Amino acid sequence: MTYFLYPGCSLEAGGSHYQVSVEAVAKALGLTLKEIADWNCCGASIHYVGGTELQTKTLNARNLALAQNQGGYDIIAPCSSCYIQMIKTAHEFEEDPKLAEELNQILAEGGLNYTGGVKVRHVLDVLYNDLGVERLAAAVKKPLTGLKVASYYGCQTTRPYGEYDSVENPHTMDEILEALGAEVVPFEHKAKCCGSGIFFTEMETCAPLAGGILGEAEERGADMIVTACPMCQMNLEIYQPRLNKMLGTEYDMPVVFVTQLMALAFGGDFKKDAALDRNIVSAAEVLKKSAA
Amino acid sequence: MATKAYDKSFREEVYQNVDSGEDVKLCMQCGVCGITCPLRGEMTHGPRQLWSLIRAGKREEVMNSPDIMLCTSCYSCKVRCPRGVKVIDVMHGLAHYALEQGIVPRKETAKFGKAFWDSIYKTGRVDETEVPMRYTMMAGPIHGIFNMLEMMDIGRALLAHKRMKFKIGPGLPPSKKIRGMKGLKKMLDKAKSMSPGKEG
Amino acid sequence: MDKNQACYLCKGCGLGEALDFENLEEVLGEAGISEVKTHDALCSPEGVALIQGDVDGGVNAMLIGACSSRVKNDEFNFGSEVIVERASLREQVLYCSEAEYEGEEEAGEDRQMLAADYLRMSAVKLTKSNVPVPFQLELEPETALLVVGGGVAGINAALAGAKTGVQVYLVEKEAALGGFLGKMAKLAPETPPYQELEDTGLTELVAQVEADDKIKVYTGTTVDKTEGAPGNFTITLSGGDSFRCGAIVQATGWLPYEPEKLAEELAYGSNPGIITNVDMEAKAKAGDLGGLNGVAFIQCAGSRDQNHLPYCSAVCCTVSLKQAMMVKEANPEAAVYVIYKDIRTPGQSEEVYREAQRKGVVFIRRDEDYPKISESGGKLAIETMDMTLNDTVEIDELDMVVLATGLKPNNPKVVDAPLVALGMDQEAAKKLAAESKAQCDDWSVLNLQYRQGPNLPTLKYAYPDSHFICFPYETRRTGIYAAGTVRRPMRVSQAVEDATGAALKAIQAAHAAAEGVAVHPRSGDMSFPEFAMQRCTQCKRCTEECPFGAINEDEKANPLPNPTRCRRCGVCMGACPERIISFKNYSVDMIGSMIKSIDVPEEDEEKPRVIVLACENDALPAIDMAARKGHKWSPYIRFIPVRCLGSVNLVWIADALSSGIDGVMLFGCRHGEDYQCHFIKGSELANVRMSKISETLDRLVLESDRVRVEEISFNEVDRVPEIIAEFMETIEEVGPNPYKGF
């Protein structure tokens, strides 16, 4: 199976461990990932400050057009923000003929054209639906037995379209983690917001949101928070010391990508495949607990 | 109690010039968006009341409301709105519209967002080292340096964990552009000219 | 008819193991039924064949001791000439009683006695039952349909009736057909995607009526007199024409709420720009909506307001949406506001709401207080609370303010004394009823020549009374159906549906009258009340209390029954102090004898006896379901099904208590405003009558605690054992009936 990988800006930098682990997981499962050549930024959550809605759709339409020209495979967008921006454009392109026409008028300025039909997929969607938990379980060589995880989806992983999972109470990642042998703790904050794109600039305001997520994970006895969104990973992890200062807490909660745990459980290397050395709040200690 | 007189000019302005602005018409004031918002406690009006203020023609109150730029883009309101109002798109549209008129509902987010968009407009991508640096420097040279020093712990940690490129300052070294940047720029300009309120 | 009686006892479902059948056969023998057969599964083809064989051999009256009479009706139906009585040994004996008590030797004795009593009662019932002979009208039954009211409901009722092939008379008081539909400019969107205003379609409807040779139209005409009964009504029209018909649909529509009454609250009459939705429709119809730049609609103008119409008219919101869309269509730049408490858009009207919003209509939610309307600079202005902004807001530059007023039925208001009696003494209730009757004395739609008055009785707000969930078009005058807005506020598409339903019901009623059978809820019942007139004392109770006005009176106050108006509830039988009213298969003597057949043990046996007279519409199914659910209750209880609590004659209470029975309960439907009684007034009348029972009990020197009325609805299954347990405790406290052994 061949897919496009749309890494987005995040996976090139702050979420580089996501990219490494996604590639390792794909390799272990026999998926071929091709990067969309010369892709551009999706606009992310903060696009509206500088750009109009149509400009943001233009950014995504260009990526869709490139994907179509380069083979039309389904696009995996591991970053939730990229996923949502791209799928939003893809959806509205199909639903609104007027918009489709406008976008093609715009794309023509750069010599491109898009006829629709390219599918945008979240990494969880592909893992859960194209492969299925049984196949994932079969690939496990070092089960994560004894590891208690809080499965945290955040917002843009399933919202707003609920394409492959419930928008209010998602479950796909829970099942994937269980297939790896981990114990998934009940987690009411699983689809609550961490502060997302304005966390960095409105940290005082958003601190209680992130604090609530870290707090519940701790209360539930989770060893770590597992996520599939680089924005969530970053907000919840690297700002923990600041959050602790602001909220008077002492969180020391590893926040890892689901693909990092998969790479590890599939027998991959801690560093080379799982890139777990790139987590600032180290998960090494708690991972020793499980057989992995 | 203050009496507010209804004025239809502002709502027409919003319907015509703001991205997704026409969705405001469809609100039936159930308030689900308001109670759904994770930052409801931080908002003075919240979406429902903003929509009512728009319909009532309260330009000042709406355009100067910091609420219009406090959206985290969590999409909860959008999925729960029984009328299918694209609540967050309207919020974003309003913020964009205010900024274009020189009104800055929330300074920090506006600065960061500008640096973000500038990066896209110049290189086609967002350089996660460059953008925060430019953002911090927007406070002016002196404050900028202080702000940058304040962010140093985070930068260092990211750098040490191979999650950031090394730069000694904004543009040093410069970020790479995508190959099709010229075309993208043309497209973005064209898109802007076709956006609501900018036609013709 | 010579009765050839037999009894069949079933041993299936566990009955065989639980009961001593030899003993039961002896009991039956003592009760006069010597021919008794048992079978392991009576409802099996073999069991049914066994009975059928006997029917073929001449058995024409049988007692089946098996399961509840509510089940296996197809299996145990041997034609209308064979009387079948059912003793519910399974539900009322086996399922609800304990097999044995801990530490007691006489296991199952109470259960056996229970079964024996049910067989004794059923045997009496069988003996006293006769095969009903359907009532036949003297004249050839008429099936023609009269439709009164030529609006959208009336026209559709007439068309639906004509389609079935019956002759239809359509009477309209105005000079032309159409009713309010003829005054409407457009209809709110009725078809997907609910975005375009629609034509009324009246021209086409009228053309269809005119082209139909089964429909005779009278315009400019009213009904002077309606005499007779279903299957045989005689109608006299204002023009002098007269004809017979079998059934009637009243589709007389609605009247707008009087806006003059809103002069104080909403300044109606103070400015020509303040108009009602009816005026607005007329303007739209006249194409007079040009030049409007600012229009506001005020919803609930005199609706959902205790000082005006307390109810929601259900259509005003959609009407305002429509009219707002019309204004927008005439001038897209116009500022249009709808000031509302709640937008209520039943059915698909929510889509109309959306469409109005898309067109730019602005909606403002107000509180309970009416907006203040004032004049400023030749324009109108409104000040109102905006609930979303939590502030008072002002809307000015308005050319027009439309008051969305509600609908009143075009029907005289008739209130019934027993129905308003709840929480009120009877005298006060009667006074209220008299006042309401006086109010409508001056006009009537049908001018019924009925003992109980010329109009359809109403429940509230002049809407005809009916069991609105089960029998929506029903009125309390059999064979007369209400359709459209005279029945409840509704929009055009609903009125069309209503009209079709009512027309078909009316035709069904005419056919039922011809066949001499009842309409619902006792559909197909061939029995009807017969009066032993020589013993009548002209007390008028039957003529006054019949919920359906079935009984007229002659000059000497003798009751004149109209069996085709009758619903066979037996309320008259319950009312009659002389006990002269009876059905072929249901009578005061029959139930009284059943009660007396119960074997009442001596006081020292400490086995009290309690009878429950249970309504067979709701209480009996609840009892059956409770038993099937596994609830257990005292084995000293004996249920006796009655057609309606209203048919309970007080003499039965006396019969029970004087034969040593310790307590009597009545299980009936809820009464009062949200009544559930299938016969409308039956359970209410039972309550009124029972409130007077203390005199009877005093005469017998008995405690009033021994008699209790309980309301029980169909779904209150779990309350059945609770109520029984509680009553049994009371009976224990009161002690044994001193009449035991007399």
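FYI, it's all coordinate maths here, none of it is from the lab. All of these numbers come straight from a predicted model, not from anything done at the bench. Cβ atoms come from the backbone with ideal geometry, glycine included; neighbour counts cover every protein chain shown.
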**Request:** Find how much the distance from C:ASP718 to C:ARG579 grows on full extension, using 0.36 nm per residue of separation minus their present alpha carbon separation; answer in nm with one decimal.
**Result:** 46.5 nm
**Per-pair calculated FRET efficiency, R0 = 22 Å: C:GLN534 and C:VAL131 via Cβ, rounded to 0.05** = 0.35
**Residue-wise HN-Hα coupling along region C:320-332, computed from phi with Karplus coefficients 6.51, -1.76, 1.60 (Hz; x: Gly, Pro)** = 5, 4, 4, 5, 5, 5, 4, 4, 5, 5, 6, 8, x
**Request:** Could you pull out every residue, at least 5 positions away or on a different chain, whose amide H is within less than 5 Å of the one on C:VAL709? Hs are placed 1.01 Å off N in the peptide plane, and Pro or chain starts have none.
**Result:** C:LEU666
**Item:** Ranked B:HIS143, B:HIS45, criterion: other C-beta atoms within 10 Å, fewest first
**Value:** B:HIS143, B:HIS45
**Item:** Cα-based convex hull volume of region A:168-292 per residue, rounded to whole Å³
**Value:** 101 Å³
**Fill in**
Residues other than C:GLY149 with Cβ under 9 Å of its Cβ, Lys/Arg counted +1 and Asp/Glu -1, net out at 0
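Find the Cα radius of gyration of the protein assembly as shown, compare it with 2.2 N^0.38 Å by division, and give the number to two decimals. Let's see the in-between values first.
Working: Rg = 40.4 Å, N = 1234, 2.2 N^0.38 = 32.9 Å.
In units of the globular-protein estimate, the protein assembly as shown measures up at 1.23.
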**Message:** Percent of Cα-Cα pairs more than 25 Å apart in region C:1-131, please.
**Reply:** 21 percent
**Request:** Could I have the simple spin-label model distance between C:ASN4 and C:GLU435, label points 7 Å from Cα toward Cβ, reported in nm to one decimal?
**Result:** 6.5 nm
**Asked** Nearest 10 degrees, 0 to 90: what angle lies between the long axis of helix C:349-358 and the longest principal axis of chain C (Cα atoms)?
**Response** 20 degrees
**Message:** Taking amide H atoms as placed 1.01 Å from N in the peptide plane, list the residues 5 or more away in sequence, or in a different chain, whose amide H sits under 5 Å from that of C:TYR169.
**Reply:** C:LEU145, C:LEU146, C:VAL147, C:LYS216
**Prompt:** How big is Rg to Rh over region C:260-406, alpha-carbon atoms, Rh as the Kirkwood inverse-mean-distance radius?
**Reply:** 0.92
**Item:** Kirkwood Rh and Cα Rg combined as Rg over Rh, evaluated for region A:2-121
**Value:** 0.97
**Prompt:** What ³J(HN,Hα) values, in whole Hz, does the Karplus curve 6.51 cos²θ - 1.76 cosθ + 1.60 give for region C:664-671 when θ = phi - 60°, with x put for Gly and Pro?
**Reply:** 10, 10, 10, 9, x, 7, 4, 10
**Fill in**
Non-local residues with an amide H under 5 Å from the amide H of C:CYS7, with H modelled 1.01 Å from N and Pro and chain starts lacking one, are C:GLU35, C:VAL36, C:LYS37, C:LEU63
**Request:** Report the equivalent ellipsoid semi-axes for region B:107-194 in whole Å, largest first, defined as the square roots of five times the eigenvalues of the gyration tensor built from alpha carbon atoms.
**Result:** 26, 16, 10
**Fill in**
Semi-axes (Å, rounded, descending) of the ellipsoid equivalent to region C:218-262 per its C-alpha gyration tensor are 29, 13, 8
**Fill in**
Note to self: C-alpha centroids of region C:260-283 and region C:558-605 sit apart, in Å, by 58 Å
**Fill in**
Excluding residues fewer than 8 positions from C:LYS584 in its own chain, the lysines with Cα under 19 Å of it are C:LYS3, C:LYS125, C:LYS128
**Fill in**
From fewest to most C-beta neighbours within 10 Å, the residues C:THR564, B:THR36, C:THR318 line up as B:THR36, C:THR318, C:THR564
**Item:** Too-long pairs where the Cα-Cα distance tops 26 Å, listed order kept, from B:LYS58/C:LYS379; C:LYS72/C:LYS505; C:LYS173/C:LYS216; A:LYS34/A:LYS119; C:LYS186/C:LYS413
**Value:** C:LYS72/C:LYS505; C:LYS186/C:LYS413
**Prompt:** Roughly what angle does helix C:619-628 make with the longest principal axis of chain C, taking Cα atoms, 0 to 90 degrees, to the nearest 10?
**Reply:** 60 degrees
**Fill in**
So the angle from the long Cα axis of helix C:21-30 to the longest Cα principal axis of chain C, reported in degrees to the nearest 10, equals 90 degrees
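Kyte-Doolittle cut-off 0.0, length cut-off 18 Å along the helix's own axis using Cα: show which whole DSSP H helices in chain B pass.
Qualifying helices, which must be both long enough and hydrophobic enough, are B:87-100, B:141-160.
Structure shown: which of A:LYS142/B:LYS162; B:LYS8/C:LYS372; A:LYS98/C:LYS322 lie over 23 Å apart, alpha-carbon to alpha-carbon?
The pairs that break the limit, which is 23 Å between Cα atoms, are A:LYS142/B:LYS162; A:LYS98/C:LYS322.
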**Asked** So how do C:ASP396, B:ASP127, B:ASP153 line up by other beta-carbon neighbours within 10 Å, fewest first?
**Response** B:ASP153, C:ASP396, B:ASP127
**Which listed pairs, of B:LYS111/B:LYS186; A:LYS57/B:LYS25; A:LYS57/B:LYS192; B:LYS107/B:LYS198; A:LYS57/B:LYS176, have C-alpha distances above 20 Å, in listed order** = B:LYS111/B:LYS186; A:LYS57/B:LYS25; B:LYS107/B:LYS198; A:LYS57/B:LYS176
**Prompt:** Can you list the aspartates and glutamates whose alpha carbon is less than 18 Å from that of A:LYS148, not counting same-chain residues fewer than 8 positions off?
**Reply:** A:ASP174, A:GLU175, A:GLU178, A:GLU183, A:GLU188, A:GLU216, A:GLU218, A:GLU219, A:ASP223, A:GLU237, A:ASP252, A:GLU285
**Prompt:** Modelled label-to-label distance, C:ALA286 and C:GLU196, 7 Å Cα→beta-carbon offset: nm?
**Reply:** 2.9 nm
**Prompt:** Where in chain A are the helices, taken as whole DSSP H runs, whose Cα atoms extend 15 angstrom or more along the long axis and whose Kyte-Doolittle mean reaches at least 0.5?
**Reply:** none
**Request:** Taking the Cα centre of the protein assembly as shown as origin, work out the dipole magnitude from +1 charges on Lys and Arg Cβ and -1 charges on Asp and Glu Cβ, in debye rounded to 20.
**Result:** 5420 debye
**Asked** How high is the relative contact order of chain C, given as a whole-number percent (alpha carbon pairs under 8 Å, six or more residues apart)?
**Response** 12 percent
**Fill in**
The FRET efficiency for B:GLU13 and C:ASN390, from their Cβ-Cβ distance with R0 = 30 Å and rounded to 0.05, is 0.80
**Item:** Inter-label distance, nm, simple model (7 Å from Cα along the C-beta direction), C:SER593/A:GLU101
**Value:** 8.8 nm
**Item:** For chain C: span of alpha carbons on each principal axis (Å, largest first)
**Value:** 97, 60, 53
**Asked** Tell me, how many Å apart are the Cα centres for region A:173-236 and for region A:30-83?
**Response** 25 Å
